[in-house]
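Trainee: Have a look at the structure that comes next, please.
The values are calculated or read from the model by the stated rules, or taken from the named source; none is laboratory data. As the structure is a prediction and not an experimental result, all values here were calculated from the model. Reconstructed Cβ throughout: ideal geometry from the backbone, glycine too, with neighbour counts over all protein chains shown.
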Amino acid sequence: MNVLVVGGDGRAHALTWRLARSESVETVAAAPGNPGIAAMGADCVPVDPTDPGDVAQVADDLDVDLVVVSPEEPLVNGVVDAVQGRGRPAFGPTADGARLEGSKAWMKEVVADAGVPTARHAAFSVDDEDAALAFLEELPGFYVVKTDGLAAGKGVVVTESIDDARDAVHRYLSGEAFGDAGRRLVIEEGLTGPELSLLVVCNGREGWPLAPAQDFKRIGDGDTGPNTGGMGAYSPVPFVGPDVVDEVMKTAVRPTLTTLAARGIAYRGVLYAGIMLTPEGPKLLEYNVRFGDPEAQVVLPRLAGDFGQLCYDAATGSDIAPRFADDAAVTVVLATEGYPTSSRPGDVIQGIEAAEALPGVTVFHAATARRDGQLVTAGGRVLAVTALAPSLADARARAYEAAGRITWPGVQYRRDIAEAATAAAVDS
Ligand code: AMP
Ligand code: GLY
């Protein structure tokens, strides 16, 4: 079949790369794609991926058999509705289901209906600043303030300082920090524990978990500094066994799918459960409505079998059976100086070929551009350097060796991706 991937981020590159390795897939095109995707020989169609009509038109023009959507914004805008409306299968939820990510307040409402364990929380709008500040006083010293709308993973403040939390409330509600996305917000109690990303493929009725992954949200080593879109990931996660996955499916994912169905929403595509493993058991932090970025860059290389067929089957309502290789994958995100507060475009990137010369290494492009024949930085998170190897320790060593071969002025990355997990895996 012929497939169109919507997006141009690192996850879109990983999706294209994995689809191209599927027996059922003849061609993969991307809208708009990126230089890494183009280097694979995939057709890159310059189109705004968030415009449902334009994307549906590209799918028609290319006469594709399946559309696979990478980022959340096209989903929230209704790209899947538009593609399906023209009689083509699309992997991803329709706009009604995508609200799980598009509005954290709505997500919390659904989750409460479904009885999913989650943090204590309340939602507030522009006129409720006093009530929001009063709610902060009720929380026991650990505060989380989130924009209601999309903010590329950066709209969350986690702090033990009530002054910082108050300040975030003010900057969000005034529109100063995130424009309209922040004029409504959610405040919740801070939870502690290791985090887990569980990506579940859904077919409109049921869900099947993919291999667990862990993501590194903060910019700095040792989980310090502000939140980012994700600075690295690894899979498998040594401290997450099948029992934990079963519990998350039982207490969170299945009740949520049932609650959505009762509201007339047949959820298809990936439901990404962001979980914190608290001392009282797994609690849901968030739902995303797509693969994780950079979790996709470690989960997809480990996926066995025909990924194109899996997406097609889920998109058309058939049952699936995801299988995973025993290998481990680690990805390290290389970002520009200043990320996540700013980014510096236009720096010349060197060393990708040398990095990919290492066995098992693939460099996924997240924000690159071609300028005068040279590859340059074009956003905050620029590359995801992924290594697949027989063990987590090998994958980690390989990913860092590869990352060390890539340079541009001001390149920054975390040095501790999968470090603790590797130590745990060796001890056990
Ligand atoms: P979200 O966009 O809701 O996933 O939040 C992004 C990140 O903020 C999560 O991956 C956590 O690292 C952190 N976070 C979110 N909610 C909480 C919470 N209730 N307690 C502690 N950390 C949280
Ligand atoms: N890596 C976090 C996300 O995709 O939202």
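Trainee: Inside the range 152-172, can you point out the residues that are under 25 Å from the mean Cα position of the chain (by Cα), outside any strand (DSSP E or B) and hydroxyl-bearing (Ser, Thr, Tyr)?
Mentor: 172
Trainee: Which of (1) within 12 Å of ligand 1 (Cβ to nearest atom); (2) acidic (Asp, Glu); (3) over 20 Å from the mean Cα position of the chain (by Cα); (4) buried (at least 17 other Cβ atoms within 10 Å of the Cβ) does residue 101 not meet, given it meets every other one?
Mentor: Failed condition: (3).
Trainee: Additional query: Given (1) within 16 Å of ligand 2 (Cβ to nearest atom); (2) out of contact with any Phe, Trp or Tyr (no Cβ under 7 Å at 6 or more places or on another chain); (3) under 17 Å from residue 89 (Cβ atoms), identify the lone condition not met by residue 269.
Mentor: (2)
Trainee: For the range 111-128, how many residues are free of Cβ contacts under 8 Å to residues at least 60 places away in the same chain and among the basic types (Lys, Arg)?
Mentor: Result for the range 111-128: 0.
Trainee: Same structure again: Mind checking which pairs have a first residue in the range 263-284 that is among the hydroxyl-bearing types (Ser, Thr, Tyr) and a second that is within 16 Å of ligand 2 (Cβ to nearest atom) and in a loop (DSSP other than H, G, I, E, B), Cβ under 6 Å, 6 or more apart or different chains?
Mentor: If the second residue must be within 16 Å of ligand 2 (Cβ to nearest atom) and in a loop (DSSP other than H, G, I, E, B), the pairs left are 267/93; 272/292.
Here is a yes/no grid of residues against (1) surrounded by fewer than 19 Cβ atoms within 10 Å (Cβ to Cβ); (2) away from ligand 1 (no atom under 14 Å from the Cβ); (3) on the phi > 0 side of the Ramachandran plot:
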{"site": "277", "(1), (2), (3)": "no, no, no"}
{"site": "280", "(1), (2), (3)": "yes, no, no"}
{"site": "311", "(1), (2), (3)": "no, yes, no"}
{"site": "321", "(1), (2), (3)": "yes, yes, no"}
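Trainee: Follow-up question, since we're still on this one. What tally of residues in the range 93-109 results from selecting those that are more than 14 Å from ligand 2 (Cβ to nearest atom) and part of a helix (DSSP H, G or I)? Let's see the steps before the verdict.
Mentor: Step one: list which residues in the range 93-109 are more than 14 Å from ligand 2 (Cβ to nearest atom), which gives 93-97, 99, 103, 105-106, 108-109.
Checking the rest, the ones that are also part of a helix (DSSP H, G or I) come to 95-97, 99, 105-106, 108-109.
Of the residues in the range 93-109, 8 are more than 14 Å from ligand 2 (Cβ to nearest atom) and part of a helix (DSSP H, G or I).
Trainee: Turning to a different aspect of this structure: Away from ligand 2 (no atom under 16 Å from the Cβ), under 15 Å from residue 277 (Cβ atoms) and surrounded by 24 or more Cβ atoms within 10 Å (Cβ to Cβ): which single residue out of 253, 248, 244 fits that description?
Mentor: It is 248.
Trainee: Something else about it: Among the listed residues 233, 211, identify the single one that is crowded, with 17+ Cβ neighbours inside 10 Å, within 16 Å of ligand 2 (Cβ to nearest atom) and in a loop (DSSP other than H, G, I, E, B). Write out each step before concluding.
Mentor: Working: 233 fails: in a loop (DSSP other than H, G, I, E, B).
The match here is 211.
Trainee: Since residue 348 meets every condition but one in (1) under 30 Å from residue 201 (Cβ atoms); (2) at pLDDT 95 or above, which condition does it not meet?
Mentor: Of (1) under 30 Å from residue 201 (Cβ atoms); (2) at pLDDT 95 or above, only one is false for residue 348: (1).
Trainee: Hey, can you tell me all the residues within the range 206-223 that are in contact with a strand residue (DSSP E or B) (Cβ under 6 Å, 6 or more places away or on another chain) and either among the β-branched types (Val, Ile, Thr) or more than 14 Å from ligand 1 (Cβ to nearest atom) (or both)?
Mentor: Hits for the range 206-223 are 207, 208, 209, 210, 211, 212, 219.
Trainee: Kindly indicate which of 317, 292 is part of a loop (DSSP other than H, G, I, E, B) and surrounded by 21 or more Cβ atoms within 10 Å (Cβ to Cβ). Let's see the steps before the verdict.
Mentor: Values: 317 fails: surrounded by 21 or more Cβ atoms within 10 Å (Cβ to Cβ).
After applying the criteria, what remains is 292.
Trainee: Same structure, new question: Of everything in the range 185-195, what is more than 10 Å from ligand 1 (Cβ to nearest atom) and crowded, with 18+ Cβ neighbours inside 10 Å? Give them in sequence order. Show your work before the answer.
Mentor: At the first step, the residues of the range 185-195 found to be more than 10 Å from ligand 1 (Cβ to nearest atom) are 185, 194.
The one that is more than 10 Å from ligand 1 (Cβ to nearest atom) and crowded, with 18+ Cβ neighbours inside 10 Å: 185.
Trainee: Whether any residue in the range 84-91 is out of contact with any Lys or Arg (no Cβ under 6 Å at 6 or more places or on another chain), surrounded by fewer than 20 Cβ atoms within 10 Å (Cβ to Cβ) and either of a type in the set (A, V, I, L, M) or in a helix (DSSP H, G or I) (or both) is what I want to check.
Mentor: Going residue by residue through the range 84-91, those that are out of contact with any Lys or Arg (no Cβ under 6 Å at 6 or more places or on another chain) are 84-91.
From what is left, the residues that are surrounded by fewer than 20 Cβ atoms within 10 Å (Cβ to Cβ) are 84-88.
Next, from what is left, pick out any that are either of a type in the set (A, V, I, L, M) or in a helix (DSSP H, G or I) (or both): 84-85.
So far as the range 84-91 goes, yes, one or more of its residues are out of contact with any Lys or Arg (no Cβ under 6 Å at 6 or more places or on another chain), surrounded by fewer than 20 Cβ atoms within 10 Å (Cβ to Cβ) and either of a type in the set (A, V, I, L, M) or in a helix (DSSP H, G or I) (or both).
Trainee: Of the residues that make up the range 220-227, is at least one of a type in the set (S, T, N, Q) and over 16 Å from the mean Cα position of the chain (by Cα)?
Mentor: First, pick out the residues of the range 220-227 that are of a type in the set (S, T, N, Q): 224, 227.
Those still in the list that are over 16 Å from the mean Cα position of the chain (by Cα) too: 224.
Checked the range 220-227: at least one residue is of a type in the set (S, T, N, Q) and over 16 Å from the mean Cα position of the chain (by Cα).
Trainee: Hey, another quick one. Considering every residue within the range 297-308, establish whether at least one is touching a His at 6+ places or on another chain (Cβ under 9 Å) and within 16 Å of ligand 2 (Cβ to nearest atom). Reasoning before the result, please.
Mentor: Step one: list which residues in the range 297-308 are touching a His at 6+ places or on another chain (Cβ under 9 Å), which gives 297.
From what is left, the residues that are within 16 Å of ligand 2 (Cβ to nearest atom) are 297.
The answer is yes, given that some residue of the range 297-308 is touching a His at 6+ places or on another chain (Cβ under 9 Å) and within 16 Å of ligand 2 (Cβ to nearest atom).
Trainee: Within the range 66-77, does at least one residue satisfy the condition of being of a type in the set (A, V, I, L, M, F, W, C), farther than 27 Å from residue 294 by Cβ and crowded, with 16+ Cβ neighbours inside 10 Å? Spell out the reasoning first.
Mentor: Of all residues in the range 66-77, those of a type in the set (A, V, I, L, M, F, W, C) come to 66-69, 75-76.
Next, from what is left, pick out any that are farther than 27 Å from residue 294 by Cβ: none.
The answer is no; no qualifying residue exists.
Trainee: Which of the following residues is outside any strand (DSSP E or B), within 16 Å of ligand 2 (Cβ to nearest atom) and not aliphatic (A, V, I, L, M): 149, 141, 175?
Mentor: Details: 141 fails: within 16 Å of ligand 2 (Cβ to nearest atom); 175 fails: within 16 Å of ligand 2 (Cβ to nearest atom).
Only one candidate qualifies: 149.
Trainee: For the range 250-277, what are the residues that are assigned to a helix (DSSP H, G or I) and over 27 Å from residue 10 (Cα atoms)? Before the answer, list the steps.
Mentor: Let us first name the residues in the range 250-277 that are assigned to a helix (DSSP H, G or I), namely 250-262.
Answer for the range 250-277, where residues must be assigned to a helix (DSSP H, G or I) and over 27 Å from residue 10 (Cα atoms): 250, 251, 252, 254, 255, 256, 257, 258, 259, 260, 261, 262.
Trainee: On to the next question. Any residue at all in the range 2-24 that is of a type in the set (Val, Ile, Thr) and within 30 Å of residue 106 (Cα to Cα)? Give the steps one after another, and end with the answer.
Mentor: Of all residues in the range 2-24, those of a type in the set (Val, Ile, Thr) come to 3, 5-6, 16.
Pick out the ones that are also within 30 Å of residue 106 (Cα to Cα) and you get 5-6.
Looking for residues that are of a type in the set (Val, Ile, Thr) and within 30 Å of residue 106 (Cα to Cα), one finds at least one in the range 2-24, hence yes.
Trainee: Also, I was wondering about something else. Can you tell me which residue in the range 214-227 is farthest from ligand 2 (Cβ to nearest atom), limited to those that are assigned to a loop (DSSP other than H, G, I, E, B) and closer than 13 Å to residue 292 by Cα? Give the steps one after another, and end with the answer.
Mentor: First pass over the range 214-227, keeping only residues assigned to a loop (DSSP other than H, G, I, E, B): 216-217, 221-223.
Going one step further and asking which of them are closer than 13 Å to residue 292 by Cα, we end up with 216-217.
Details: 216: 9, 217: 7 Å.
Taking the candidates together, the pick is 216.
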